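Read the structure below first, then the notes.
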Amino acid sequence: MQLTLSKVIPSPLDLHLQLARTLEKRGAFLLADRWEILLLHPSGTLEVIWQTTDESVAYQWRGFFDNRLDDSLYDEIRQLPNGFQWLSKQNYLRIEASDIYKAARVTPTIYEGRDGIIVVFAGKKISILNVEEGNVSEQTNTKTKGRDLICHALHPRQNLIAYGTNHGELFAQPFDQAEFGKTIKIDQLPNTCYQITFTADGKKMFVGGLGYLKVFDYDGKVFTENASISSALRSFELVEDFLVLNKGMHGIDVIQATDKLQRVASLDLPFSIDKMFYLASRKVFLLTSGTTNEWALLNWTT
């Protein structure tokens, strides 16, 4: 495999993006700030698909509810990297009109899981919502373990949430529509947990954080550590049998993730990397810089 830098372009958007997603069917990256939503094609071509100068609608959600924008675009970006989905437009409007946001001490993050189960993260509490005939109510809730929750992911085959804290605690939380099961302590990690990613079959879980990357095998009941390495890690992407590590100012490492973790390639970039996204349908990476406000496109070849 090989990573090749194909293009670096100045960003036409604000330094701090409101939204960034890969659109596999369209073969492009979707990027947005408060004022514009655009597509970045692998060639580097930019296509503006929504824009406003109206302060009252200048934020990431309102653009997707504008009648000028194709509804199928919202449906395509609903699937999130952490295994959850954004709510359907219908459920989003129902919940927005309810007292869930008004009554919350901490602004909740609301997702949809499998079977239409709506999961809410708010501070140290996880809740299941019941949405029937326009009525929104809390079905059940549980307190998270450990310190402040930093990242979380939904298992691809089970109603199981894995979450990590800012003190490196790693837990698994089973649930269904009616209740939460007993919380499982998976591991005490070396430091703050940044990202959790499952393989498509759910049999492996990759966990990255401040200075480390760990791999766990999962048999449907028990998590077992398989391998680990030390790394200046900010985020990672799972590509086939490889892990591509975003190391910020230290560039990129490519790790072969089969029987053991082994570095097989690396690449230096002309800027410190902030975010990294992989468009699998075109085998292209997008890297963004939080200091120079530039974007870089990388080609992945095998």
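The values are calculated or read from the model by the stated rules, or taken from the named source; none is laboratory data. All values derive from a computational prediction rather than experimental measurement. All Cβ positions, even for glycine, are placed from backbone atoms using ideal geometry, and neighbour counts span all protein chains on display. Only protein heavy atoms, including side chains, enter the accessible area calculation; ligands, DNA and RNA are left aside. Shrake-Rupley method; radii C 1.70, N 1.55, O 1.52, S 1.80 Å.
Please report, in debye to the nearest 20, how large the charge dipole of region 89-174 is about its Cα centre when each Lys and Arg carries +1 at its beta carbon and each Asp and Glu carries -1 there. Dipole about the Cα centre, nearest 20: 300 debye.
Using a probe radius of 1.4 angstrom, the carbon and sulfur fraction of the accessible surface of the chain is 45%.
For Gly168, the amide hydrogen comes within under 5 Å of the amide hydrogens of Thr192, Cys193, counting only partners 5 or more places away or on other chains and with H modelled in the peptide plane.
Glu96 exposes around 70 Å² of accessible area when a 1.4 Å probe is run over every protein chain in place.
Ranking Ser72, Ser235 by solvent-accessible area of protein heavy atoms (1.4 Å probe, all protein chains present), from largest to smallest, gives Ser72, Ser235. Where a ≥ b ≥ c are the square roots of the eigenvalues of the C-alpha gyration tensor, would you call region 136-209 rounded, which needs a/c under 1.5, or, failing that, prolate if a/b is larger than b/c, or oblate? It is oblate, given that a/c is not under 1.5 and a/b is not larger than b/c.
Think of each Lys and Arg Cβ as +1 and each Asp and Glu Cβ as -1; about the Cα centre, that makes the dipole of region 1-156 roughly 700 debye. The helix-based estimate of mean residue ellipticity at 222 nm for the chain, built from -39,500 (n - 2.57) per DSSP H run of four or more residues and divided by its residue count, is -2000 deg cm²/dmol to the nearest 500. Within region 67-115, the proportion of Cα pairs with more than 15 Å between them is 54 percent.
Let me check I've understood the local charge: for Glu76, count other residues with C-beta under 12 angstrom from its C-beta, Lys and Arg +1, Asp and Glu -1. What total comes out? Walk me through the numbers on the way to the answer.
Numbers: positive: Arg21, Lys25, Arg26, Arg78; negative: Glu24, Asp70, Asp71, Asp75.
Charge balance in the 12 Å sphere: 0.
Quantify how much of the Cα-Cα distance distribution of region 196-278 extends past 23 Å, in percent. For region 196-278, the fraction of Cα-Cα distances above 23 Å is 18 percent.
Looking at the chain, the accessible area is 48 square angstrom per residue; that uses a 1.4 Å probe and ignores ligands, DNA and RNA.
Could you give the semi-axes, largest first, of the ellipsoid that matches the chain, computed as the square roots of 5 times the alpha carbon gyration tensor eigenvalues and rounded to whole Å? Write down the numbers at each step before the final one.
Numbers: eigenvalues 179, 157, 52 Å².
Taking √(5λ) for each Cα gyration eigenvalue gives 30, 28, 16 Å.
Accessible surface for Met249 stands near 150 Å², nearest 10, in the context of the full protein assembly shown (1.4 Å probe). With the simple model of a label 7 Å out from the Cα in the direction of the Cβ, Lys124 to Met249 spans 3.5 nm. Sequence-ordered 3J(HN,Hα) estimates for region 191-199 from the Karplus curve with 6.51, -1.76 and 1.60 and θ = phi - 60° stand at 6, 3, 9, 9, 8, 10, 9, 9, 5 Hz, glycine and proline given as x. Highest-first packing order for the peptide set 219-226, 190-197, 118-125, 76-83 is 190-197, 118-125, 76-83, 219-226, based on the mean count of other beta carbon atoms within 10 Å.
Distance check, please: which entries in Lys143/Lys182; Lys25/Lys283; Lys124/Lys185; Lys125/Lys203; Lys102/Lys125 exceed 21 angstrom between their Cα atoms?
Where the Cα-Cα span goes over 21 Å, the pairs concerned are Lys125/Lys203.
Taking the Cα centre of the chain as origin and assigning +1 to Lys and Arg Cβ atoms and -1 to Asp and Glu Cβ atoms, the resulting dipole is close to 680 debye.
If you take the alpha carbon radius of gyration of region 245-293 and divide it by 2.2 N^0.38 Å, what ratio comes out, to two decimals?
Expressed relative to 2.2 N^0.38 Å, the Cα Rg reads 1.24.
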